[in-house]
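The values are calculated or read from the model by the stated rules, or taken from the named source; none is laboratory data. In this text, all values refer to a predicted model and were calculated from it rather than measured experimentally. Because the Cβ atoms are built from the backbone with ideal geometry, glycine has one as well, and the counts that use them run over all protein chains shown. Side chains are part of the model used for accessible areas, which takes the heavy atoms of the whole protein and leaves out ligands, DNA and RNA. Shrake-Rupley method; radii C 1.70, N 1.55, O 1.52, S 1.80 Å.
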Amino acid sequence: MEMDTKRIRRQRPPPASSTAPEGEGAHLAGPDERFGNLGAGFGSPTAFLVAFLMLLPLLVLVSSSYRNPATDGLCGALRGDGREDLSASAEQGPRVGSSGSSNNTRDRFLGGLLAAGFDEGSCLSRYQSVLYRKKSPHIPSPHLLERLRGHESLQKKCGPNTESYNNAIKWLKSGRRTEIMECNYVVWLSYSGLGNRMLSLASAFLYALLTNRLLLIDRGADMADLFCEPFPETSWLLPLDFPINQFSSFNKKAPQSYGNMLKRKAISDIPDGNANGSLPAYVYLHLGHDYGDFDKLFFCEDDQQVFRKIPWLLLRSNVYFVPSLFLIPTYEEELGRLFPQRETVFHHLGRYLFHPTNSVWGLITRSYWSYLAKAEERTGIQVRVFDVRNSPVQHVLDQILACSLKEKLLPDVSLHDPLVSSTVAGSKVVFVTSLDSVYFEKIRSMYWEHPTTTGEIVSVYQPSHEGYQQTEKQMHEMKAWAEMYLLSLTDALVTSAWSTFGYVAQGLGGLKPWILFRPENGTMPRPPCRRALSMEPCFHTPPYYDCKAKAVIDTGVVIPHVRHCEDVSWGLKLVDPVEQ
């Protein structure tokens with residue numbers, strides 16, 4: 001471990017405040033001391049001034065040669081009020097990140113995806129992200145940008161503490177919808193692990209965008225600690241005095257759920273089948289993995305027409321239900337305009353919505369500069385074991401190595417060559433995330449004890465090993481979010497089947513991962529992994545129902561860009577047909 005630590009420490013850049021490499025700062029005292037000796041040597045103030053002016057270009061050149069553009073980007077230039085001028089640092093100098101990224105022009109607004117108008121110091125990650133990841137080849141469509149700007153205006157107009165919101169709350173308290181509302185809402189209820197929450201929240205936002213509804217989120221135990229506000233000059237956090245607050249009672253048995261209301265005929269799914277004033281002020285949509293057949297009618301066109309008349313929709317989900325939105329004819333054309341590249345939905349929406357808070361950003365940047373910054377290549381390995389009995393440690397480790405070595409993601413080691421490589425052919429960091437430390441330790445030992453056949457120097461790093469998932473425990477979730485983000489900064493990614501943690505990382509990073517198949521009967525799958533068809537997450541529990549024919553169908557063969565997932569054979573994911 002000590003050897004790895006020393007190797008990694010040598011890769012740390014000099015602090016932004018330093019103008020000299022480590023070890024040379026002792027004799028660089030204050031300005032008076034430096035130039036006092038120089039002036040004495042010339043004997044007169046005039047001679048000193050001439051000499052100083054002659055040396056000034058050289059001093060500037062030396063100083064600039066020791067600047068660390070990445071650290072400059074982190075710290076920024078201090079403005080007159082002592083705050084960091086992040087706007088300047090995000091637009092000047094080469095961008096750091098993966099090899100070759102320094103030639104990319106910085107675009108802190110991500111091709112227009114992000115809006116201006118924020119207090120940048122309150123959320124450093126929003127515009128500093130361009131310092132850490134490669135420029136995405138996937139450009140958001142002009143129509144998506146237009147709709148996002150329109151949605152931001154809607155959030156500002158109808159958000160908490162506005163007159164429109166207060167009026168909508170009055171109607172909600174009345175219990176019945178009696179007239180068409182100026183502003184309509186989707187309230188997302190916090191539920192499940194962090195990866196699941198992020199996927200379901202992105203789905204809820206897309207639905208809000210399609211239906212011209214405001215999005216408000218239940219802050220749960222930690223949402224405000226994890227994510228910055230995504231909309232300028234307003235908040236997406238549901239006010240604490242929201243009149244409906246017993247969210248824990250909202251489940252598939254809740255009488256307020258749309259499915260249960262249909263079952264007892266308290267509401268009709270025929271668009272004109274509800275009498276005037278008979279519709280409720282709100283409906284609860286249960287779209288979790290355990291939803292029933294009546295709940296699944298949410299994805300039918302006629303039912304969507306009913307929802308248009310209901311001002312408040314409270315939505316609880318732990319799945320990425322976006323693929324089934326593409327199967328609703330009402331939204332098909334609009335979705336095509338928003339996302340001409342179908343596999344970029346979460347890539348764009350995730351980068352728009354999810355900005356780490358400053359506390360989480362500190363975890364990310366400290367890890368980045370300590371372990372990832374100087375490597376020429378970064379490989380991410382995300383390990384999640386769902387069935388310990390059928391997934392012995394050695395089998396999972398063998399599977400990881402079989403996949404990584406076969407796909408040339410990691411170099412092989414030599415068991416017979418000298419313990420010290422005669423040449424160094426580059427450096428690679430392996431970034432491991434797992435609840436257990438055993439996989440990290442085994443891989444690190446392999447590259448510590450044996451030289452690589454390629455001559456590459458391989459460092460292995462795992463930020464945490466929490467032992468078990470601790471949903472909504474603040475620091476646990478902050479670490480999880482930081483690790484997802486760091487995985488998204490890698491050049492190549494290996495993920496575990498079924499894992500929403502891996503889905504988030506691949507989507508944010510625009511990566512098509514190699515997916516490790518789940519072991520069966522305690523044996524390693526063959527082949528051990530497969531390259532994903534797209535970077536989109538998988539919808540694990542889609543409906544298999546033809547709303548018009550009222551019959552069961554295979555929804556994975558209806559349209560070319562909605563296909564079955566590689567890791568969940570019955571699941572659905574978005575792909576670009578040309579890449580199948």
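Residue count for region 195-245 satisfying the condition of being over 23 Å from Glu182 (Cα atoms) and either open to solvent by 10 Å² or more (accessible area, probe 1.4 Å) or hydrophobic (A, V, I, L, M, F, W, C) (or both): 16.
Quick check on region 175-183. Is at least one of its residues open to solvent by 20 Å² or more (accessible area, probe 1.4 Å), modelled with pLDDT of 95 or more and in a loop (DSSP other than H, G, I, E, B)? Even if it seems obvious, please write down each step before you answer.
At the first step, the residues of region 175-183 found to be open to solvent by 20 Å² or more (accessible area, probe 1.4 Å) are 175-182.
Now restrict to residues that are modelled with pLDDT of 95 or more: none.
No, region 175-183 contains no residue that is open to solvent by 20 Å² or more (accessible area, probe 1.4 Å), modelled with pLDDT of 95 or more and in a loop (DSSP other than H, G, I, E, B).
Would you be able to say whether some residue in region 413-421 is of a type in the set (S, T, N, Q), touching an Asp or Glu at 6+ places or on another chain (Cβ under 8 Å) and at pLDDT below 95?
No, every residue in region 413-421 fails to be of a type in the set (S, T, N, Q), touching an Asp or Glu at 6+ places or on another chain (Cβ under 8 Å) and at pLDDT below 95.
Is it the case that Ser464 is in a loop (DSSP other than H, G, I, E, B) and either modelled with pLDDT of 95 or more or in the same structural domain as Pro392 (by the TED database) (or both)? Let's see the steps before the verdict.
Working: in a loop (DSSP other than H, G, I, E, B): yes; either modelled with pLDDT of 95 or more or in the same structural domain as Pro392 (by the TED database) (or both): yes.
The answer is yes for Ser464.
Return the residue satisfying two criteria in turn: it lies in region 301-345 and is in a helix (DSSP H, G or I) and among the basic types (Lys, Arg), and of such residues it is most open to solvent (accessible area, probe 1.4 Å).
In the first step, residues of region 301-345 are kept if they are in a helix (DSSP H, G or I); the result is 301-307, 322-325, 329-338, 342-345.
Next, only the ones that are among the basic types (Lys, Arg) stay: 337, 342.
Details: Arg337: 124, Arg342: 53 Å².
Taking the candidates together, the pick is Arg337.
Give me the helices (runs of 4 or more DSSP H) completely within region 347-454, filtered to those with at least 1 residues that are among the aromatic types (Phe, Trp, Tyr) and either touching a residue at least 12 places away in the same chain (Cβ under 8 Å) or surrounded by fewer than 19 Cβ atoms within 10 Å (Cβ to Cβ) (or both), ordered by residue number. Don't jump to the end; show me each part of the working.
Working: elements: 358-367, 393-406, 438-449.
Qualifying helices (runs of 4 or more DSSP H): 358-367, 438-449.
Every condition in (1) surrounded by 16 or more Cβ atoms within 10 Å (Cβ to Cβ); (2) more than 19 Å from the chain's Cα centre (by Cα); (3) within 26 Å of Met484 (Cβ to Cβ); (4) modelled with pLDDT under 90 is met by Phe118 except one, and the failing one is (4).
Could you go through region 471-484 and let me know if any residue there is under 21 Å from Val345 (Cα atoms), outside any loop (DSSP other than H, G, I, E, B) and open to solvent by less than 20 Å² (accessible area, probe 1.4 Å). Talk me through it step by step, then tell me what you get.
First, the residues of region 471-484 that are under 21 Å from Val345 (Cα atoms): 481, 484.
Then drop every residue that is not outside any loop (DSSP other than H, G, I, E, B), which leaves 481, 484.
Among the residues that remain, those that are also open to solvent by less than 20 Å² (accessible area, probe 1.4 Å) are: 481, 484.
For region 471-484, residues under 21 Å from Val345 (Cα atoms), outside any loop (DSSP other than H, G, I, E, B) and open to solvent by less than 20 Å² (accessible area, probe 1.4 Å): present.
Consider region 491-526 and keep the residues that are within 20 Å of Thr433 (Cα to Cα) and basic (Lys, Arg). The one that is surrounded by the most Cβ atoms within 10 Å (Cβ to Cβ) is Arg518.
Of the residues Leu148, Leu144, Leu154, which single one is in contact with a helix residue (DSSP H, G or I) (Cβ under 6 Å, 6 or more places away or on another chain) and either outside any loop (DSSP other than H, G, I, E, B) or exposed (fewer than 13 other Cβ atoms within 10 Å of the Cβ) (or both)? Before you say what the answer is, go through the steps one by one.
Values: Leu148 fails: in contact with a helix residue (DSSP H, G or I) (Cβ under 6 Å, 6 or more places away or on another chain); Leu154 fails: in contact with a helix residue (DSSP H, G or I) (Cβ under 6 Å, 6 or more places away or on another chain).
The conditions single out Leu144.
Quick check on Ala549: is it more than 21 Å from Leu353 (Cβ to Cβ) and of a type outside the set (Val, Ile, Thr)? Considered against the rule, which asks whether it is more than 21 Å from Leu353 (Cβ to Cβ) and of a type outside the set (Val, Ile, Thr), Ala549 comes out as yes.
Kindly indicate which of Phe517, Phe501, Phe539 is at pLDDT below 95 and either assigned by the TED database to the domain that holds Ser317 or hydrophobic (A, V, I, L, M, F, W, C) (or both). Spell out the reasoning first.
Working: Phe501 fails: at pLDDT below 95; Phe539 fails: at pLDDT below 95.
None of the others qualify; the one that does is Phe517.
Residue-by-condition table, conditions (1) more than 26 Å from the chain's Cα centre (by Cα); (2) assigned by the TED database to the domain that holds Thr523:
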| residue | (1), (2) |
| --- | --- |
| Pro329 | yes, no |
| Gly336 | no, no |
| Ala373 | no, yes |
| Glu376 | no, yes |
| Val385 | no, yes |
| Asp412 | yes, yes |
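Looking only at region 527-570, filter to residues that are touching a Gly at 6+ places or on another chain (Cβ under 9 Å) and aliphatic (A, V, I, L, M); which one of those is surrounded by the most Cβ atoms within 10 Å (Cβ to Cβ)? Residue satisfying both the conditions and the ranking: Met535.
Each row is one residue, and each column tells you yes or no for (1) among the hydroxyl-bearing types (Ser, Thr, Tyr); (2) closer than 14 Å to Ile328 by Cα.
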| residue | (1), (2) |
| --- | --- |
| Pro519 | no, no |
| Gly522 | no, no |
| Arg526 | no, no |
| Arg531 | no, no |
| Thr541 | yes, no |
| Val552 | no, no |
| Val562 | no, yes |
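Looking at region 184-196, can you tell me whether even one residue there is outside any strand (DSSP E or B), farther than 22 Å from His355 by Cβ, at pLDDT 95 or above and not basic (Lys, Arg)?
There is at least one residue in region 184-196 that is outside any strand (DSSP E or B), farther than 22 Å from His355 by Cβ, at pLDDT 95 or above and not basic (Lys, Arg).
Looking only at region 265-300, residues that are part of a loop (DSSP other than H, G, I, E, B) and either crowded, with 18+ Cβ neighbours inside 10 Å or modelled with pLDDT under 95 (or both) come to 21 in all. Beta carbons closer than 8 Å, at least 6 apart along the sequence or on distinct chains, pair a first residue in region 198-215 that is not assigned by the TED database to the domain that holds Glu536 with a second that is modelled with pLDDT of 95 or more and of a type in the set (D, E, K, R) for Tyr207/Arg213; Leu209/Arg147; Leu210/Glu334.
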